[in-house]
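S.K.: The structure under discussion is supplied below as structure tokens; questions concerning it will follow.
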Amino acid sequence: MKHTTHLLISTAVAIPIMANTGTLTVTSMLALSLGALAPDIDEPESYIGRRTRGVSDLIKLLFGHRGLTHTLVGLFFGMFLALLLGTYFIKDHTLIYYFILGYFLHLLEDSFSKSSIMWLYPFTEKTIHFPFYYVTGSFTEAIIGFVAMGIVYLQLTKTDYAFISDPYINFNNLTQLFDVLFNRLSRIFIR
Ligand SMILES: [Zn+2]
């Protein structure tokens, strides 16, 4: 599955959860997205793999694509790492939970692909298959992504789900910063 499809489906699933728990913020979205991309770090040509060359090459070499990062063991390892780093650096468990949710959703989404994943590897190489599946990069996947995009759009426009003020990214500060920058630049260019 392409990274954009992963992001769209995971976002569509997470928005109601975030909205109903008062955690619909941009940083929650970023944490979820990071989790939704993380398992594909085992493929150097993936979106996240290209940005972590070296690490992604090593993981692919050791475990192969859709190997250990796409298993329950991988999920628990990701959970452990997120808890460890998250508790140490950001001290906000909400973001850690959304990272883990994103990771889990990625695995679930890959389970519906034709080749599926080995949830219980290294204990067994059995893959789970559903009666309906998609082929990665196919037209079906494009349609799934399109539907997910529609759902996200409807959730943000037709429901009362709304982003709440972000504890980390202060948009007022950001707009102020842009104002200052814009003023400086216009003074340089428009004399
Ligand atoms: Zn994957």
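S.K.: With r defined as the distance between the Cβ atoms of ILE169 and LEU62 and R0 fixed at 41 Å, what FRET efficiency is calculated, to the nearest 0.05?
M.R.: Details: r = 36 Å, r/R0 = 0.87.
Efficiency for this residue pair is about 0.70.
S.K.: Taking the C-alpha atoms of the chain, how large are the radius of gyration and the largest Cα-Cα span, Dmax, in Å?
M.R.: My reading of the Cα-based Rg and Dmax gives 19.2, 71 Å.
S.K.: Could you work out how far helix 171-189 tilts from the main Cα principal axis of the chain, as a 0 to 90 degree angle to the nearest 10?
M.R.: For 171-189 against the chain, the angle is about 60 degrees.
S.K.: Something else about it: Along Cα→Cβ, 7 Å out, is where each label goes; now give me the distance between the ones at PHE80 and PHE182 in nm to one decimal.
M.R.: Roughly 4.9 nm, to one decimal.
S.K.: What angle, in degrees between 0 and 90 and rounded to the nearest 10, separates the Cα long axis of helix 93-111 from the longest principal axis of the Cα atoms of the chain?
M.R.: Helix 93-111 and the main axis of the chain meet at about 40 degrees.
S.K.: Calculate the spin-label point distance for VAL26 paired with LYS114, positioning each point 7 Å from the Cα along the beta-carbon direction, and give it in nanometres.
M.R.: In this crude spin-label approximation the distance works out to 4.0 nm.
S.K.: Between LEU107, LEU181, LEU72, find the one with the highest GNM mean-square fluctuation for the chain; connect C-alpha pairs within less than 10 Å.
M.R.: The residue with the greatest mean-square fluctuation here is LEU181.
S.K.: Pick out which of PHE178, PHE80, PHE139 has the largest mean-square fluctuation in a Gaussian network model of the chain, springs linking Cα atoms closer than 10 Å.
M.R.: PHE178
S.K.: Rounded to the nearest 500 deg cm²/dmol, what is the calculated helix-only ellipticity per residue at 222 nm for the chain, with -39500 (n - 2.57) per DSSP H run of length n ≥ 4? Provide the component values of the computation, followed by the final result.
M.R.: Values: 8 runs with 119 residues, N = 191.
Dividing the helical sum by the residues of the chain leaves -20500 deg cm²/dmol.
S.K.: Treating the angle as unsigned and between 0 and 90°, give the value, to the nearest 10°, between the Cα long axis of helix 72-89 and the longest Cα principal axis of the chain.
M.R.: Helix 72-89 sits at roughly 30 degrees to that axis.
Every read-out reported here was derived from the displayed coordinates using simple, explicitly stated rules and does not represent laboratory data. Everything quoted here is computed from the prediction, not taken from an experiment. Glycine gets a Cβ as well: all are built from the backbone with ideal geometry, and neighbour counts include every protein chain shown.
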